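Notes follow once the structure below has been shown.
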Amino acid sequence: MAMITFSENHESSLISFEAGEALASLRDPRAEGLKWVYSLGAIPTSHVVVVGLGSGFHVAALADIDPELQITVVDSRESLIPVFRSQFPELADRVNIVVVQEDQDIFKADFYQEVLNQRSYVLSFRECWGQQSSFFAQVFAHLTGRTLESVKYHFEEFGINIKALYLQPNKLLSIKDLIPVVEASVMSEEKKQIFRILGELVK
Amino acid sequence: MKILVLSLLRLGDIIQQAPLLKGLREKHPDAEIHLLLNRQFANVEKILEGVVDRYIYFDREAFQKGLGEPAYNILWSYTQVENLVKGLNQESYDVAINLTHNKLSAYLMGAIQALQKRGLYQEEGRFKGLSNRWLRYFNDRFSGNQKSLFHYVELLGKAFDIPVRATPFVARKKNKLVLLQCLTSDAKKNWGLERYFDLKRTIEVSLVDYEVCVLGAPFERESLLKVFSEKDLLICDLPEARKHLQNADLLVTGDTSIKHMAAQVGTPLVEIAIGSSDVVKTGAYTNQAVILSSEVACAPCTHSQACSQSSHLCAEDVTVEKVFAAVWDQLSGEKIAERNLRQTLERTVWSLYLDKEHSAVEPFYREALEELLVKTSVTGIKETLPAWEQQTALYRSWLEKAKDVLPTREVLASKRSFQSSDVSELIFCAQDILKSKKDEVGYFQVFVEALLSRFSQPVQVYDRVHVALMEVEELLTIREVFTQYLQSLSKEGAYYAKGIGQLSIGGFEEAGKSIQRDLENAEL
């Protein structure tokens, strides 16, 4: 893993760097975070997962805009956490930070069950992904249930025939890919009917 | 009684369905009526006051966003739809009525628990609910671009036994105001702002005491200002538009939701039905509409596809002069042309057929004739009869030929696989019908479609075609018997004209009390 370093900008804010690449705007990290939050629109769930901690200004902006929102942040770079905690001490109780080194570790994390139960909304602030882009992209897809590996967790209650999905090429799954599998699985007609409705909505 | 109505189409469709909802309220004054509609059209609440007790929203945009955007959990929309269905099922509806008639609504109807379901629904892997002939006709004619003798609202009313009436003419104080609704939701359906501008000028020059204003939604202002000036515009929301329409003498419009609103408030209108506009399916349901459509070969075109022509041919075909002539007729108070009598006769025959639950039921000929005589004159019927009879004979000859050339079930059952050559004579027969273009209202439509279907077993051809021909047989028999009633009526008139007096007419005896004059009071 590349070296993480920190540097103060002209406003005395601590900006994190990965292999010399800034993980937030040097000039105005707070405005950058706010701009990102405003671009999100309404957040459809009470619990969100943010993929990437970086310098943390985007997380602070998110917490600031909706005081009721539960936030979990996932990152692989543990050294970012103490700086975030010292820079935003008021968020100690609001933001839960989870460190995962391998993308598969996400399935074992405690908060993953909450993601499954609440169908949590997952946000990505790509400016802070640095050298970890492909890793974070995979984590993002696992969290939203759009990878082959994650489907068995997300669809556990439906008892679908996962094997049928192995015919799918390696791509981000959508509900369209799942509908033929649902039809071929043993599951209550009521549940299948909901999937059929969704199938019509993506036509 | 608790009734749920599903209406998951667009704004214009919901406004168009308002007479059905009002009819439902009229039929069940004490019922609790809930309407499930797309959230984006929540503004119809204001125009359905007193009809619907509760509005429930299907948040289509949010569900689609949840399905399409990667940030959403793959099952987020599932949970939302499941919660919606649970909420609906907690209401324990007595009746659920599907006015939408598409797969989405059929699946939703399938998931809803109601004691009685009317209209299309999916259950146990099959689409069900086409429980009467009116619904089957609706399904046959509205699944593509087939022609229908009956308006969409009228058909649904018949199918669900809901009393609906086309908006009657109501005389009222004139305000000398003509409104133009120039823009529609689809560029292909727009007649063109320049043409509307020319029409406005023509009306103002020719009918000097009339004021012409342009209706528009706030988001249309910018487009309208390219041609019209600010003082010409009436920019407003739906409830305000309704008020303007109530004050207007006439609306000139394309295929928009505004025209359905005009029909509801009783404002006469001239509709320019071009592009994908289908007069039968989406035309305003009112007696006070003059609908101008294009005769070009590509019209009506497919919805949601760009115009395939190098220029907007259908718009060019409807000239400003034609539209002004219609405006003149409407404003001068001339009676809107009586419906084509042939079409009225066809509607009567088809109504007799569709009203029957099954083939063994005797149609109500006498009542149909009485109803026909309210709308039209005996002289008109007499003039139309020869061509009508000629048409009947042609249909009969087609039917007999098709029956002759249909191989028997046994012959087809003996074949291992289906080859088109097995029914080549039948295909030629269908081709003759299509080429003649004389089956204007689709007596043989189901028969022709049966031959276009794919079959794995030869006997399936027989079964489909046989059923289709049986239906044609029943329809033609009704047509022939009804023609006898018309002939008797015509002869009765002739005898009276010659001063012979009233003669008994065999055709009426079976119907019990006939429409003949009272024998005790047979004054000439």
| query | Can you tell me which residue in the stretch A:32-61 is farthest from the other protein chains (Cβ to nearest Cβ), limited to those that are buried (at least 23 other Cβ atoms within 10 Å of the Cβ) and part of a loop (DSSP other than H, G, I, E, B)? | reply | A:Ser55
| message | Quick check on my filter: what residues within the stretch A:128-150 are of a type in the set (A, V, I, L, M) and touching a residue at least 24 places away in the same chain (Cβ under 8 Å)? | response | A:Val139, A:Ala141, A:Leu143, A:Leu148
| task | Mind listing whichever residues of the stretch A:115-133 are over 13 Å from the mean Cα position of the chain (by Cα), away from every other protein chain (no Cβ under 11 Å) and open to solvent by 20 Å² or more (accessible area, probe 1.4 Å)? | result | A:Glu127, A:Gln131, A:Gln132
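Table: residues versus (1) exposed (fewer than 15 other Cβ atoms within 10 Å of the Cβ); (2) farther than 28 Å from A:Leu178 by Cα.
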residue: B:Glu45; (1), (2): yes, yes
residue: B:Tyr55; (1), (2): no, yes
residue: B:Phe63; (1), (2): no, no
residue: B:Leu67; (1), (2): no, no
residue: B:Ile74; (1), (2): no, no
residue: B:Tyr78; (1), (2): no, no
residue: B:Glu82; (1), (2): no, no
residue: B:Lys86; (1), (2): yes, no
| Hey, does the stretch A:90-113 have a residue that's more than 14 Å from chain B (Cβ to nearest Cβ) and of a type in the set (Ser, Thr, Tyr)? | no
| request: Can you confirm whether the stretch A:137-156 contains a residue that is open to solvent by 20 Å² or more (accessible area, probe 1.4 Å), touching a strand residue (DSSP E or B) at 6+ places or on another chain (Cβ under 9 Å) and among the polar types (S, T, N, Q)? | output: no
| request: Take A:Leu26 and decide whether it is over 19 Å from the mean Cα position of the chain (by Cα) and not in a strand (DSSP E or B). | output: yes
| request: Identify all residues within the stretch B:206-220 that are open to solvent by 10 Å² or more (accessible area, probe 1.4 Å) and among the small types (Gly, Ala, Ser); write none if there are none. | output: B:Ser206, B:Ala217
| query | In this structure, does B:Gly192 turn out to be assigned by TED's automatic domain parsing to the domain that holds B:Ile291, at positive phi, within 27 Å of the chain's Cα centre (by Cα) and surrounded by 14 or more Cβ atoms within 10 Å (Cβ to Cβ)? | reply | yes
| field | Any helices (runs of 4 or more DSSP H) falling wholly within the stretch B:86-195 and containing at least 2 residues that are touching a residue at least 40 places away in the same chain (Cβ under 8 Å) and more than 26 Å from B:Arg25 (Cα to Cα) | value | B:133-142
| query | If you check B:Gln181 against the conditions, is it open to solvent by 30 Å² or more (accessible area, probe 1.4 Å) and either within 15 Å of the chain's Cα centre (by Cα) or at pLDDT 85 or above (or both)? | reply | no
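When you go through B:Tyr72, B:Tyr78, B:Tyr55 one by one, which is the residue that is free of Cβ contacts under 8 Å to residues at least 40 places away in the same chain, within 14 Å of chain A (Cβ to nearest Cβ), outside any helix (DSSP H, G or I) and of a type in the set (Phe, Trp, Tyr)?
That would be B:Tyr72, the only listed residue that is free of Cβ contacts under 8 Å to residues at least 40 places away in the same chain, within 14 Å of chain A (Cβ to nearest Cβ), outside any helix (DSSP H, G or I) and of a type in the set (Phe, Trp, Tyr).
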| request: Select from the stretch A:7-61 the residues that are touching an Asp or Glu at 6+ places or on another chain (Cβ under 6 Å) and hydroxyl-bearing (Ser, Thr, Tyr) and list them in ascending order. | output: A:Ser25
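The values are calculated or read from the model by the stated rules, or taken from the named source; none is laboratory data. The structure presented is a predicted model; accordingly, all values stated were derived computationally and were not measured. Because the Cβ atoms are built from the backbone with ideal geometry, glycine has one as well, and the counts that use them run over all protein chains shown. Heavy atoms of the whole protein, side chains included, go into the accessibility calculation; ligands, DNA and RNA do not. Shrake-Rupley method; radii C 1.70, N 1.55, O 1.52, S 1.80 Å.
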